[in-house]
1. Would you tell me the mean number of C-beta atoms belonging to other protein chains that fall within 10 Å of each C-beta in A:43-56, as a whole number?
2. In Å and whole numbers, how far do the C-alpha atoms of the protein assembly as shown stretch along each principal axis, longest first?
3. Along the principal axes of its C-alpha atoms, what lengths does the stretch B:1-98 span, in descending order and rounded to whole Å?
4. Roughly how many whole Å is it from the C-alpha centroid of the stretch A:20-59 to that of the stretch B:33-100?
5. Defining a contact as two alpha carbons under 8 Å apart and six or more residues distant in sequence, what relative contact order in percent does the stretch B:1-107 show?
6. Have a look at the DSSP beta bridges in the stretch B:30-175 and tell me what percent are antiparallel, nearest 5.
7. Once the Cα atoms of the stretch A:29-74 are picked out, what are the Rg and Dmax in Å?
8. Averaged over every viewing direction, what's the projected area of the C-alpha convex hull for the stretch A:47-106? Give it in nm², one decimal, please.
Amino acid sequence: MATTPNKKIALGSRATYGRLLKAYSKIPTAQEPARPTTPRQSFDEELERERRHLQNADLAQDIKLKKKTLNLLFWFLGLETVAIFTFALLQATHWLGFSMEEWSFKLLISATIAQITAMLFVAVSYLFPKAKN
Amino acid sequence: MILSEVHKLAEEYAARYNPDRVTPFPYENVTAVCPDLQIYFVELHEEDVSGATMYNQEEGFSVIVNAKKSENRQHFTLAHELGHYFLHQDILQKESGLIDGDDLLDGSKILYRLDQAEASRIEKEANHFAASLLMPAALVSEAWDITKDIEKCAKLFKVSTVAMSIRLTELGLVD
């Protein structure tokens, strides 16, 4: 049916155009009209799938970020706890001449415990927010 | 015909022949109600030809799509040829057919024997018709609102990213 196998044609050439027109006019008598072979897909379903995919991707990214932040926070709180225990140990043993005023030490311990509790509360609230109605 | 009218007409045809909003465009719905139109997917050996619309009195109109091209290209070519069928039947009958060169869909080269201005006009109309038929404005806006991604939109509509970016620009959704 085709005239010249796999050949680049001279665009705009009147002779080529006429030759192709003649060749292509034989196609309808040479073969059956096409029947759809490509499956039809619902645009709305595809869009909904894409929407859900994006939501999942957002969620995954959110979880990843939260995990990273919480990891850093727990490391920080862990180190802070170790530091405060060290202070307490030094205060108790007066090792290397370490000695703090009683009220300063109490204030430091109380403030640190309060800070750790507050940070844990914030972290947990952020990680497990209360479901909205 | 002014291009806004072409777009309006194509959107009407899209709603009429694709009421279930499926992709690729269900051309069988057109041939079912247009007995003078047949569609053929043929592996044309001329690599520069993407499609053609032929006419003769016995067979009526025959749209030929080069099946060697990529699927997305075939979808656009088919819509482009349907544009010729719906908009340029008088020219098709007079000339016995129109053959569209590969670069023609981008509007740069013409494989046609009308004068350049006339050819440019009808090809431009067919391209705009194809764009609106395959990518109706409302659906494109809907898809863009969700994805904000040209490639994802192109995949949804089963067209090339070039065709999608042109359409998005036309609709003012991207710069």
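Bear in mind these aren't lab numbers, they're just calculated from the coordinates by the rules spelled out. The shown structure was predicted, so the numbers you read here are calculated from the model rather than taken from an experiment. Neighbour counts run over all protein chains shown; Cβ positions are idealised from the backbone, glycine included.
1. Neighbouring Cβ atoms belonging to other protein chains average 4 per residue here.
2. 109, 43, 35 Å, listed from the longest principal axis down.
3. 34, 31, 27
4. Between the Cα centres of the stretch A:20-59 and the stretch B:33-100 lies a distance of 17 Å.
5. Once divided by the residue count of the stretch B:1-107, the mean separation gives 24 percent.
6. Bridges in the stretch B:30-175 that DSSP calls antiparallel: roughly 65 percent.
7. In Å, with Rg to one decimal and Dmax whole: 22.3, 77.
8. Averaged projected hull area, Cα only: 5.5 nm².
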